[in-house]
Each structure stands twice: as structure tokens, then as C-alpha cells.
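Structure first, commentary second.
Computed from the coordinates by the stated procedures, all read-outs in this text should not be read as laboratory data. No experiment lies behind these values; they were computed from the predicted model shown. No Cβ is skipped: glycine too gets one built from the backbone with ideal geometry, and neighbour counts run over all protein chains shown.
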Amino acid sequence: MLSLRTRFTALLIISVVLVLVIAAVVTAWLLRKPPEVMYDRVLAEKAEFALLLLRADPLAAQTLHIEIQDKPEKDRIDQDRTDNILAEGRRQGYTADVVVLKSFNPHRWDIAVRLDDGRWAYLDFPEPGPFPYLPLAAYLGLVAIGMTGISIYASNVMMRPLRILDETIAMIRPDGIIPELPETGPVEVRTTAKTINRLATRLNAAVASRMRMIAAAGHDMRTPMTRMRLRAEFVSDGDDRQSWLKDLDELDHIADSAIRLVREEVSLAAQERVPLDVVLCAITDEAQETNLPVERGLVVPVLVKGSPFALKRALRNLVVNAATHGGGARVSLANYGTEAILTIVDSGPGIPPNLLGRVFEPFFRVDQARRQLVAGAGLGLAISREIIENHGGTITIVNRREGGLLQTVRLPLVLPTRIDQA
């Protein structure tokens with residue numbers, strides 16, 4: 001897809017070319033070669049003037065260097081042109097007898113006008129040359145090249161603020177913090193950078209405030225929950241006590257998940273090589289030890305860059321989610337050139353299509369009634385996506401035609417260096 005600057009530049013150039021084409025057509029129409037009938041009329045008119053002038057002043061021929069000779073030979077006469085000029089002259093009411101002579105010069109017309117004494121005055125007139133299409137095209141081409149350069153420069157100047165916006169968006173850190181831009185350069189660049197910096201300051205403050213609020217809420221919930229847990233221990237009815245403790249465990253899980261979600265948003269992935277296959281095998285082994293139905297398929301060795309702890313948490317959430325809600329999970333890990341692809345397949349009921357777009361929302365549960373059966377805060381997928389995207393990867397969840405879900409995680413591989421290859 002073409003960038004906005006490229007499209008704007010192309011629009012300017014196309015506009016300039018269209019204006020030049022219109023200008024060329026108008027110029028050619030205004031400066032077009034006169035029709036042959038019009039030129040015949042001009043020659044007939046000039047012949048009539050010459051006849052009247054020499055009739056009034058025969059000595060004018062010497063002054064004007066007009067050659068007076070006998071009638072031209074018949075083989076020198078261009079009869080077709082002569083007939084055209086005579087016909088046009090008669091239509092205009094002229095009486096001069098004129099003949100057109102064959103000339104060796106293609107850019108000149110030689111004519112002879114019969115005088116009253118029977119002699120002939122020989123005159124020459126330049127023929128209208130061809131229209132200067134080539135010079136006009138060259139001139140318009142130079143203008144087009146100049147205007148193209150001006151258009152590119154104008155496009156760069158006008159699109160500079162938008163380019164700064166695009167670069168700023170690309171520089172946004174995974175934690176949502178917008179870095180400060182240097183307020184240097186031309187006026188429009190400084191103005192744009194200053195505006196973005198003011199916006200970034202407000203957004204960064206809002207993000208930090210949200211993080212502190214969520215973390216504080218999760219932390220402050222622990223104190224009343226601890227008191228409630230102590231009071232629940234003194235409940236005489238065993239069933240009621242277990243119900244209280246179960247609800248408190250869920251609240252404690254929600255608070256812990258909220259704090260961990262904030263930590264994942266504000267923490268950058270560590271830059272170290274992580275053997276993803278080893279991490280995945282450890283997760284499946286732990287799940288099997290806790291009697292979760294997890295099956296390991298083909299797992300090939302791959303290296304990715306990031307935080308081992310964070311990646312393990314993200315993948316564990318996905319595997320446990322599939323095993324718990326999908327009636328069993330099968331995991332596979334493959335190497336596809338420049339990325340590692342992890343697939344997790346389950347055989348559960350799937351997710352309604354109209355709710356698939358919401359599965360990564362914090363605290364989202366497909367079926368609220370299942371909250372009583374399966375504990376959870378609805379933050380596992382949100383945390384996993386946050387971690388995976390912080391590592392430059394992507395995650396997608398789709399329904400399988402056979403039933404159940406297919407979770408696909410793509411992470412960029414660590415490309416081998418020359419030392420590794422050696």
C-alpha cells in the first residue's frame with residue numbers, strides 16, 4: 001500500500017501534467033498553422049496589392065526590388081495551386097491574374113502577377129512552416145520536470161508533520177509510553193513535535209494513573225479479604241464456610257491477576273534467548289502432573305528473544321485455558337523460516353462467532369454461569385496477549401470446523417549470526 005506522502009506527491013504530479021496537457025492543446029490551437037484556403041486568400045490579396053501598386057507607380061518595382069520579366073514558361077507553373085488562388089481571389093472580388101511557380105525551396109512560394117503592359121512581376125512569399133510541435137513538447141517537458149521537482153518538495157514539506165506522526169506511532173513502546181520528540185527543525189516540524197509532546201505527556205500521565213489505580217485496587221483488596229477469610233474460619237456451618245472461602249479465593253485470584261496484568265503492561269521483555277521448546281515442554285509436564293488433560297504433539301527446537309518467565313506465564317495461561325475449558329489440549333511447536341508457530345487445539349464447545357472478537361478483553365467470560373464451576377478472573381488471555389505482543393508476536397483464536405478452538409501464537413525467531421553458523 002502506498003504511503004500518504006507518495007499518493008499526495010502523485011496527485012500533485014498528475015495535476016501538473018493535466019494542466020500542461022491542457023495548456024499544450026490550447027497553445028497548439030492558438031498557434032496552429034493557418035489552413036491552406038486562408039493562405040490562398042492571403043496570396044491573392046498580396047497579388048492584388050502588387051498589381052495596384054505597380055499600376056499606380058511603375059518605378060516602385062525598382063525600389064522594392066521586384067523583378068519584372070516576361071510570362072513564365074508553362075512547365076514552371078503549378079497549375080493546381082494557381083487554380084486555387086485564382087478561385088479564392090475571384091471570390092474576394094480581386095482582378096489580378098496570378099500564377100504559382102514551382103520552387104526548389106520547399107519553404108517559399110514564388111508567384112507571378114500579370115501587369116497591364118503584359119509583363120509579369122515576380123514575387124516570393126515564405127510558406128507557413130510546420131507547427132513547432134517538437135520545440136513546444138521539449139519546452140513543456142522541461143516545465144513538467146521542474147514542476148515535478150517542486151511538487152515533490154512541496155509534498156515533503158506538507159507531509160512532514162504527518163511523517164512525524166507516523167514515526168511517533170512506530171516509536172510507541174510496548175508499555176504504551178510515547179517517547180519525547182526533539183523540538184528542532186523547520187517551524188512546522190517544531191510545532192508538530194511540540195503538540196505531540198504535550199499530547200504524549202497527558203497520555204503518559206493517564207496511562208501511569210490507570211496502572212497505579214489498578215495495582216492499588218488489587219493491593220487494597222487483599223486487606224479486607226484477609227479479614228473476611230479470618231471471619232469465615234469462625235463460621236459454624238461447614239458448607240457456608242466453604243462457600244465463603246471459595247468466593248474469597250476467587251476474589252484473591254482476581255486481585256492477583258489484575259496486579260500481574262499491570263506488571264506485564266509496564267515491563268519490557270528481557271533481551272535474552274529463550275528456548276521456546278524447553279519452556280513449552282516444562283508447561284505440559286507441569287499440567288500433566290496436576291492431572292490436566294494436555295497432550296504434546298510435534299515440538300521442534302526454536303529460539304526466541306524475550307523473558308523466559310513472562311513467556312512461560314503467557315503460554316501456561318493458554319494451555320491451561322484450553323485444558324480447563326476445552327476438555328483437553330494438544331500443543332505443537334513448529335519452525336517456519338523467520339517465526340515460531342505454536343498451536344493449541346482443544347475439543348471443547350468453542351466460542352460463539354459474535355463473541356470471538358472479545359476473548360482478549362480483561363475480565364471477559366463467555367458464559368458467566370460457568371464462573372461458579374470453573375474459577376478464574378477472565379484475565380488469562382488478556383495477560384497472554386499483552387506478553388506475546390510485547391515480544392513482537394501475535395495470537396489468534398478461531399473456531400475449528402471439527403469443534404473446539406485453535407489458538408495460534410507466532411513469535412519472531414532469533415536469526416543465526418555468522419558466529420552461530422560457523
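One table, with the values for the structure above:
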item	result
Amide H within-cut-off set for residue 185, under 5 Å, with H built and near neighbours excluded	none
Using θ = phi - 60° and Karplus 6.51 cos²θ - 1.76 cosθ + 1.60, couplings along the range 322-333 (whole Hz; Gly, Pro as x)	5, 5, 7, 9, x, x, x, 10, 10, 10, 9, 9
³J(HN,Hα) computed for each position of the range 178-187 - Karplus, 6.51 cos²θ - 1.76 cosθ + 1.60, integer Hz, glycine/proline x	9, x, 6, 9, x, 8, 10, x, x, 4
Separation of the residue 53 and residue 70 label points, Cα + 7 Å toward Cβ, nm	2.7
Listed residue pairs exceeding 29 Å between alpha carbons, taken from 46/74; 46/71; 194/312	194/312
Long-range amide H partners of residue 413 with built H, under 5 Å	339, 340
For the range 227-240, 3J(HN,Hα) per residue [Karplus equation, 6.51 cos²θ - 1.76 cosθ + 1.60, θ = phi - 60°, Hz, x = Gly/Pro]	5, 5, 5, 5, 5, 5, 5, 8, 6, 6, 6, x, 5, 5
Amide H within-cut-off set for residue 77, under 5 Å, with H built and near neighbours excluded	102
